[in-house]
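What follows is calculated from the coordinates using simple rules that are stated; it is not laboratory data. It should be emphasised that the depicted structure is a prediction, and the values quoted were computed from it without experimental measurement. A quick note on method: Cβ atoms are made from the backbone with ideal geometry, for glycine too, and the neighbour counts reach across all protein chains shown.
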Amino acid sequence: MRVQTRVPSGWLGLALGLVTVFAPQASAQCPPGAGCTEYLGKGSKGSYFRILVPDPWDGDLVIVNHGLELDPLTIAPHNTCKSDPDTPCSSDTDCAAVPPRSCNKITLLGLDGFLLPSGKAVAASTFSQTSWSAFQSRYDLKDIIKFMRKKGPGRPKRIVVTGISGGGAVTVDATMHLKPGKLIHGAIPLCSCSGGGLPSMDGATDVRLVYDWVCDGVPGGTFSSLPDVGDPTMSQIDFAVTANTCLGLLAPSADPVEAAAQRARRETLFALTKFPGTATDFVTVIGFAILAMGDFVDDPERLNGRRLGWNEGLDYTSVLDSSAAQAFNDAVPRFGPGKGRRKMSRSTYVDFTRGVAKRVDYPLLSFSGREDFICLPEFQKMYADAAALGEKKHAMIWGSTGGHCSFTPQELRSVFEAYFAWLDTFDTAVPSEPTTADVLARCLSLPGATSSQCNFDTAFTAPPLAHRFPARADWPEAARNPLP
C-alpha cells in the first residue's frame with residue numbers, strides 16, 4: 001500500500017508536502033524481538049534531530065531527509081507540541097490545549113521499518129530552515145554525525161545520506177559538500193530535485209511566467225509578486241483562491257462560460273509547460289514557485305530579497321512545441337541575471353569536477369518515477385550526467401508509478417538492499433552495481449511480494465533538462481551540455 005507522510009498544515013501544505021512512502025509499523029520503533037536506543041538532540045544552527053540505533057548495530061548510519069516544509073513550527077523537538085516545545089506529546093490529542101493542536105514528529109519516512117532490522121542506525125533532522133533548506137542543511141547533517149561521535153554510541157563506520165523530493169535535493173547537496181570517507185560514504189537521492197539551485201529555480205520561474213501570461217487580465221486570478229521572487233506573505237487560502245480563479249484547478253466556476261475559459265487556460269498552460277500531472281498536481285508546482293520560493297528569497301539568511309531569475313535573450317520557442325509558443329515568447333517579460341544567482345550557485349551547484357565533490361569515491365544511486373511531475377526525470381538525468389562528467393559511479397533506477405515520490409514498501413526495500421550490496425562490494429574486483437532490472441528482480445523475490453508492489457520501468461530513458469527549459473549560461477555543464 002501507499003500512505004501519506006506527515007505534511008504541513010492546511011490544504012496547500014498537503015499539496016506541497018504530499019509524498020507517498022513506506023509506512024512504519026505503528027506498534028514499535030525497534031525491530032521485532034530486538035531493542036534500540038533513541039537519541040534526541042539539537043543542532044548548532046537551530047535544527048532538531050532524532051536517531052534510532054538498533055542492538056546490535058552494524059556501524060552503518062542512514063541519514064533520512066524529509067521533503068519540502070513551509071511550517072516553521074516543525075523546527076522543534078520530536079514529540080513536543082507545535083508552538084510549545086516544553087509540552088511533551090505522543091499524539092495530537094496530547095496537544096488539544098495547545099494551538100495548533102499538533103504533535104511534532106521528526107519523521108524517518110518509514111525507512112526505519114526495514115533498516116533497523118538489518119542492523120543499521122537511522123537518523124533525521126528537522127533542518128534549521130524551511131523551504132529550500134539546502135543553504136545550510138549540510139551543517140544540520142554534520143551536527144548529527146558529531147552527536148553520534150560525542151554523545152551517542154560512537155562514530156559510524158559508514159554514513160549513507162538519503163531523502164525524498166526536497167530532501168533528495170539535500171542529499172544531492174551533501175554529495176557536493178560533505179567530506180567523502182569521513183562525513184559521507186554513500187548517497188541515495190529519492191525522487192529528488194537533483195538539478196541543484198539554479199536549474200530548479202529557473203524551471204519554477206519559467207512555469208510561473210507561463211501562468212502569468214495565461215492568466216493575464218483575469219480578475220482575481222493574477223499574482224502581484226515578481227516571477228523569480230515569489231511571495232512569502234501570501235496566505236495559503238489567498239493563493240488557492242487566486243490560482244483557482246484563473247484555472248479552476250480545484251473547483252471550476254459555476255458559470256459555464258467562465259468554466260470553459262478556465263479549461264481553455266489550463267489546456268494552454270499544460271501544453272506550454274509540458275506538465276505531466278493533473279490540475280490538482282499543478283497546485284503544488286505553482287505553489288512552490290510562489291510561496292516556497294518567496295520563503296527563501298525573502299529570508300535574510302539566504303537571498304535577502306535578491307532576485308533569482310534570468311531569462312534575458314532566451315528563445316522559449318526552442319523548447320516549447322505548443323501553438324502558443326511564439327506568442328508567449330514575444331510577450332514574456334525579460335530580466336537579466338538576478339543578484340541572488342551567485343549565492344545560489346555557491347550554496348548548491350551540481351558539479352563533480354571541482355571542490356569537495358571532485359573527491360567523491362563512493363557509489364551514487366538515484367530512484368525516481370518516470371512520471372514525477374515535480375522532481376522531473378530531466379533533473380535525474382542532469383545529476384547522472386554530472387556524475388559521468390566527474391567520472392563517478394552512478395546508477396539510475398526508474399519507477400513506473402505516476403505521481404510524486406510514490407513508492408511501495410517493497411520498492412524502497414529492494415532499492416536499499418541493492419544499494420548496500422553495491423556499497424559492500426564497491427572496492428572489489430566485481431562490484432554489484434544494480435540496474436533497474438536487478439532491483440525489479442530483487443523486489444519480486446521479497447517474501448509475499450506481488451507484481452503490483454514492484455513497479456519499475458527497465459526501458460525508460462530521461463530527456464535532457466534543456467529540452468524542457470531554456471538553459472542559462474551559469475547552469476552546471478551537465479544541464480547546459482547534456483551527454484547523449
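Counting charges near residue 37 (Lys, Arg +1; Asp, Glu -1) among other residues having Cβ under 14 Å from its Cβ returns a value of 0. The mean sequence distance of close C-alpha pairs (under 8 Å, at least 6 residues apart), as a share of the length of segment 361-474, puts its relative contact order at 32 percent. Spin-label model, residue 388 to residue 459: label points 7 Å out along the Cα-to-beta-carbon direction sit 2.0 nm apart.
When 375, 191 are arranged by Cβ crowding within 10 Å, least crowded first, meaning fewest neighbours, the order is 375, 191. With viscosity 1.567 mPa s and temperature 4 °C, the Kirkwood radius over alpha carbon pairs of the chain converts through Stokes-Einstein to a diffusion coefficient of 57 µm²/s.
Each residue of segment 221-234 is assigned a 3J(HN,Hα), and the resulting list reads x, 10, 9, 8, 6, 5, x, 10, 10, x, 9, x, 8, 6 Hz, derived from the Karplus form 6.51 cos²θ - 1.76 cosθ + 1.60 (θ = phi - 60°), x at Gly and Pro. Across segment 198-341, Cα pairs under 8 Å and at least six residues apart give a relative contact order of 29 percent. Placing dummy labels 7 Å off each Cα toward the beta-carbon, the span from residue 354 to residue 182 is 2.2 nm.
Of the residues 253, 296, 360, the one whose Cα sits farthest towards the positive end of the charge dipole of the chain is 360 (charges of +1 on Lys and Arg Cβ, -1 on Asp and Glu Cβ, taken about the Cα centre).
Counting DSSP beta bridges in the chain, what percent are antiparallel, to the nearest 5? Percent antiparallel among DSSP bridges in the chain is about 45. Past the 27 Å Cα-Cα mark, which pairs from 151/182; 45/381; 142/393; 179/343? Violating the 27 Å limit, Cα to Cα: 45/381.
Report the trypsin sites (Lys or Arg not before Pro) located in segment 138-167 that are in a DSSP loop and have at most 16 other Cβ atoms inside 10 Å of their Cβ, or state none.
Sites meeting the loop and neighbour criteria: 151, 157.
Computed extension gain for residue 149 through residue 250, at 0.36 nm per residue and net of the alpha carbon distance, reaches 31.4 nm. Among residues other than residue 387 with Cβ under 13 Å from its Cβ, the summed charge is -2 (Lys and Arg +1, Asp and Glu -1). Listed values for segment 196-204 are Karplus-derived 3J(HN,Hα) couplings in whole Hz (6.51 cos²θ - 1.76 cosθ + 1.60, θ = phi - 60°), namely x, x, 5, x, 5, 6, 5, x, 5, and x replaces Gly and Pro. With 0.36 nm allotted per residue and the present C-alpha distance subtracted, the residue 264-residue 44 stretch has 74.1 nm of extension available.
On a full-extension model of 0.36 nm per residue, what is the gain between residue 118 and residue 477, subtracting their alpha-carbon distance, rounded to one decimal in nm?
125.4 nm
Short-range pairs are left out: with C-alpha atoms under 8 Å and at least six residues apart, the relative contact order of the chain is 15 percent.
Across segment 127-137, coupling constants 3J(HN,Hα) worked out from phi with the 6.51/-1.76/1.60 Karplus curve, θ = phi - 60°, read 6, 9, 9, 8, 6, 6, 7, 4, 4, 9, 5 Hz, and Gly and Pro carry x.
The longest stretch of the chain left intact once loop-based GluC sites (Glu not before Pro) with at most 12 other Cβ atoms within 10 Å are removed from consideration, loops following DSSP, is 1-300.
On the basis of the beta-carbon distance and an R0 of 56 Å, residue 342 and residue 90 show a calculated FRET efficiency of 0.75. Inter-part distance, segment 157-215 to segment 343-419, computed on C-alpha centroids, equals 9 Å. The distance from the alpha carbon centre of segment 54-125 to that of segment 439-484 is 30 Å, rounded to a whole number. Between residue 62 and 121, 122, 123, 160, the built amide H atoms are under 5 Å apart, and every one of these is 5 or more places off in sequence or on another chain.
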